[in-house]
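Read the structure below first, then the notes.
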2 protein chains.
Amino acid sequence: MAQGKEGFEGVEWRIRVADGSSEVLVPAPGLVRKAWLAIQGMISGFTMRVWKFLKKAWDMGVNDPRKVIHCIKVGLALTVVSLFYFMRPLYEGVGGNAMWAVMTVVVVIEPTVGGTIYKCLNRVFGTLLAGFLALGIHWIASQSGERFEPIVVGASVFLLASAATFSRLIPSAKSLFDYGALIFILTFSFVAISGYRVDKLLNLAHQRLSTIMIGTSLCIIVIMLVCPIWSGQELHSLIVRNMDKLADSMEGCITQYFNQSGECTNKEQVDKKLQGYKCVLSSKASEESMANFARWEPSHGRFNFRHPWKQYLKVGASMRSCAYCLEALSSCINSENQASELVKKHLSNSCLKVSSSSSRVIREVAESAKTMKKSSNTELLIGEMNAAVQELQNDLKSLSNLLNPSPTPENKNLEAPMEAKAETVPIMEIIPVVTLSSILIEFSVRVEVLVDTVEELANLAEFKIHDDKSKQRKLNDKIAPDEEETDGTMKALQRV
Amino acid sequence: MAQGKEGFEGVEWRIRVADGSSEVLVPAPGLVRKAWLAIQGMISGFTMRVWKFLKKAWDMGVNDPRKVIHCIKVGLALTVVSLFYFMRPLYEGVGGNAMWAVMTVVVVIEPTVGGTIYKCLNRVFGTLLAGFLALGIHWIASQSGERFEPIVVGASVFLLASAATFSRLIPSAKSLFDYGALIFILTFSFVAISGYRVDKLLNLAHQRLSTIMIGTSLCIIVIMLVCPIWSGQELHSLIVRNMDKLADSMEGCITQYFNQSGECTNKEQVDKKLQGYKCVLSSKASEESMANFARWEPSHGRFNFRHPWKQYLKVGASMRSCAYCLEALSSCINSENQASELVKKHLSNSCLKVSSSSSRVIREVAESAKTMKKSSNTELLIGEMNAAVQELQNDLKSLSNLLNPSPTPENKNLEAPMEAKAETVPIMEIIPVVTLSSILIEFSVRVEVLVDTVEELANLAEFKIHDDKSKQRKLNDKIAPDEEETDGTMKALQRV
């Protein structure tokens, strides 16, 4: 059959294409070949998918090496606890229950220090509370005779499990001891039910507690000593990064709108900057979980134990309210009704000023949050922003001169021959720029709210005040910006 | 001392206040009394907090009885599995390892059916895979001599735990088998490490698997039979509810703006309606988790196994983009620059038309999604909405007539005495309404995108088409809306 096929393939069908070249027509393949091709396709498709997955994983590892480090940390902690088991001290101390230490390590370890401590403390306290309660219930059950024992235990399991589950559904309790309530149910059922069979109940409870202690301490040591990732530090950087993104988006958005013919050398990078505000819109959930874990962390770096993490959520919320304005702005910019060049020119100067001054304010508070120093410049910059807003409002007022009152029959002939008349603009071409301007003004209002929340954060977290010397230097630098300057706040100013 | 105090209290200091009455000055209490008051305060404060917490919990239970039912379900499942343990069949079958069944129930049970099935399947497959792998590793380790055995086991634990942890950090893998990877690590370490001590390793693996099977099947039975809560159904209702909220907010917002002097009989209820869009803004996370669980659910109610849950996320995203517009709108409405009544009057009719027609469109698609029937009216309603938008644009164009071109010296005297001139308006009083109108127009564009995503959902989920009879009836009803009508789609139309 293969031979016949080859013979058949000896005949070649050619078709002449318009450009003079000719193409070979390949005969339709047989069933076997079709099946073979299908299998080949499936295999190569599967390989491609696996390859893509691996490539994605590799890229993720390269982009964020801390994730790889976390994996190594988990492997390390598990191996250490297993070796502990192998080396017999753990096995001889608590026997087969040594496995609890291994389990604890597996379920308790989290990427961030805060997450791990939260789980560890919840696990320890949940186990302790449940253990004591279960011992009490066991004693009561054993006093009530063999017949009632299962009933007492069953009823207590039912009641306590229901109550603990209910507490997991209350939001304020959930964020504090969701995991603890789970462990409570787990341990309580374990001890209370085992109590019926295992004679050395106290021994069991003690072993469980001590293995959990071994596991949790090992986890905390590994997580805190090997390249620790602090939730608090992460939240802090996220907030600062988002503020910078917000400022970049705002400035980029308006600059692009008014200089559409301008230089577009690095379009991709510009687009990325413009879309930065979307990160702000979508980071609510991660901010909340980070703030939730951060409060469990001991003081680290520049953050005390009782750092006002909740205030970061407020800062995040006011950033989002700014980002909503940017959403509305970007829809203005992409709107179908394009504004006339004349009106754009009329307003471009003041719009650009508002956008650059408001992003300068945002960058200033971002820098203040980053360095954890109260900024002495914010007031000044807010003043500049408000002046720019005032200028924009004046420009808006003077727009009337450009407007073209549609001539009514009575005054058509009476109208004076004005020079300006050649340049008047229909109202529909004004609307997009007017909308943009009023959203811009709203944005500046929201920026002030953002500044207030950051200032509240500065008060709560007791940010230091910049010393007067550097303040003076900065003011001088505003006049002579060429001077060399290494101060962080100043760099932010110069960047603008 | 107490007596002296009483004696001292006999003297009363009075102060005469401006209005002629007099007030008694109470002397500062002593130290003991202060301490007593402080303790009293602490106790009453603590009682108050506990009382508040209990009240909150009670309210939560009353507002959402399904949460209470969930708690009872958890208690029930745990009691059943404990009784199973007490009644000896489970204990005699698998001995002390019966406890695994109890643990499985505790950690696997979730409020929704999808969540429970996700965890059950992940637990079973994670255990299976890890068990087989661990047996293989154990065999290799036992072949490599007593000296190398811990090294082989330790290295394999390190490698596999790291790899599994890494897979948990990849978003696409995380949503599918996050819990499975955790269970994989747990079981693998458990079996591989125990292998060193426990002789009957195969027996252990078998017991673990069978107890897990018992626990998971019990959970699935309880969760699916006793008042089941389906993630899919929840997601579906959430999306429909949010669409209705969006329509209510939109309509309420514009109506309130243009009829501020109108009847405010039920202010609280109105405010609640206006704030409805905020639910849309904040429901991204819950939509995602619901969609994630929903794909594990078997076909239930009107939803098949492969219902296009992911499309719901797209619908949610386009609803959020509408809600961003509403955010911008509400900031316009609360803005400081109030519009002149004249301009408001000029635009109110068409603005109200756009708002009511666009919310009618949203309600129509909401109804279509709710009843899972393709709506035959959407096209018509979109047409109406676009006509309203066109009318609004025309009204905007004719705004020029109201505008007051600030008179320049040259044409001041030449200007004709127009009747309309007395009613002209400065541009700053026009801006708020113009901004509002253009956001309204943008909103209508986004509503069309929303309609498209819902239509895509209708195609993917194969919504039924309304039969021609009811379609005809509806068209007739549009002409004579007094006629009685029980059809759901129609009700939505009449509600508007």
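Observations on the model:
- Region A:219-260 - residue that is touching a helix residue (DSSP H, G or I) at 6+ places or on another chain (Cβ under 7 Å) and small (Gly, Ala, Ser) and, of those, nearest to A:ALA328 (Cα to Cα): A:SER249
- Among the residues of region B:113-131, not a single one is closer than 23 Å to A:ALA192 by Cβ, part of a helix (DSSP H, G or I) and either among the aliphatic types (A, V, I, L, M) or open to solvent by 60 Å² or more (accessible area, probe 1.4 Å) (or both).
- Residue pairs meeting the criteria (Cβ under 8 Å; at least 6 apart or on separate chains; first more than 19 Å from A:VAL113 (Cα to Cα) and within 7 Å of chain B (Cβ to nearest Cβ), in region A:67-86; second outside any helix (DSSP H, G or I) and open to solvent by 10 Å² or more (accessible area, probe 1.4 Å)): A:TYR85/B:TYR196; A:PHE86/B:TYR196
- Of A:GLY180, A:GLY136, all but one fail to be touching a Phe, Trp or Tyr at 6+ places or on another chain (Cβ under 8 Å) and either small (Gly, Ala, Ser) or open to solvent by 30 Å² or more (accessible area, probe 1.4 Å) (or both); the exception is A:GLY180.
- For region B:359-382, residues that are open to solvent by less than 10 Å² (accessible area, probe 1.4 Å) and free of Cβ contacts under 8 Å to residues at least 60 places away in the same chain total 1.
- Hits in region A:335-360 (condition: of a type in the set (Val, Ile, Thr) and either more than 14 Å from chain B (Cβ to nearest Cβ) or in contact with a Gly (Cβ under 9 Å, 6 or more places away or on another chain) (or both)): A:VAL354
Results for (1) closer than 24 Å to A:TYR118 by Cβ; (2) touching a residue at least 40 places away in the same chain (Cβ under 8 Å); (3) touching a Lys or Arg at 6+ places or on another chain (Cβ under 9 Å), shown as yes or no for each residue.
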position	(1), (2), (3)
A:ALA155	no, no, no
A:ALA163	yes, no, no
A:ILE170	yes, no, yes
A:ALA181	yes, yes, yes
A:SER194	no, no, no
A:LEU201	no, yes, no
A:LEU209	yes, yes, no
A:ILE212	yes, yes, yes
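- Test result for A:SER376, at pLDDT 90 or above, under 39 Å from the mean Cα position of the chain (by Cα) and hydroxyl-bearing (Ser, Thr, Tyr): no
- Note on region B:229-257: residues that are open to solvent by 50 Å² or more (accessible area, probe 1.4 Å) and modelled with pLDDT of 90 or more amount to 3.
- Residues that are farther than 26 Å from A:LYS278 by Cα and aliphatic (A, V, I, L, M) were ranked within region A:327-355; the one that is most open to solvent (accessible area, probe 1.4 Å) is A:LEU342.
- Test for A:SER189: is it within 9 Å of chain B (Cβ to nearest Cβ), within 29 Å of the chain's Cα centre (by Cα) and part of a helix (DSSP H, G or I): no
- Candidates B:TYR312, B:TYR324, filtered to the one that is of a type outside the set (Gly, Ala, Ser), in the same structural domain as B:LEU281 (by TED's automatic domain parsing), crowded, with 20+ Cβ neighbours inside 10 Å and under 17 Å from B:CYS253 (Cβ atoms): B:TYR324
- Some residue of region A:144-160 being in contact with a helix residue (DSSP H, G or I) (Cβ under 9 Å, 6 or more places away or on another chain), more than 10 Å from chain B (Cβ to nearest Cβ) and not in a helix (DSSP H, G or I): yes
- Taken together, the residues in region B:96-107 that are open to solvent by less than 20 Å² (accessible area, probe 1.4 Å) and either away from chain A (no Cβ under 11 Å) or modelled with pLDDT under 85 (or both) amount to 2.
- Selection count, region A:28-66, where residues are loosely packed, with under 12 Cβ neighbours inside 10 Å, within 12 Å of another protein chain (Cβ to nearest Cβ) and in a loop (DSSP other than H, G, I, E, B): 0
The values are calculated or read from the model by the stated rules, or taken from the named source; none is laboratory data. Everything numeric in this text was worked out from a predicted model, so none of it was measured. Reconstructed Cβ throughout: ideal geometry from the backbone, glycine too, with neighbour counts over all protein chains shown. Ligands, DNA and RNA are excluded from the accessible area calculation, which covers all protein heavy atoms including side chains. Shrake-Rupley method; radii C 1.70, N 1.55, O 1.52, S 1.80 Å.
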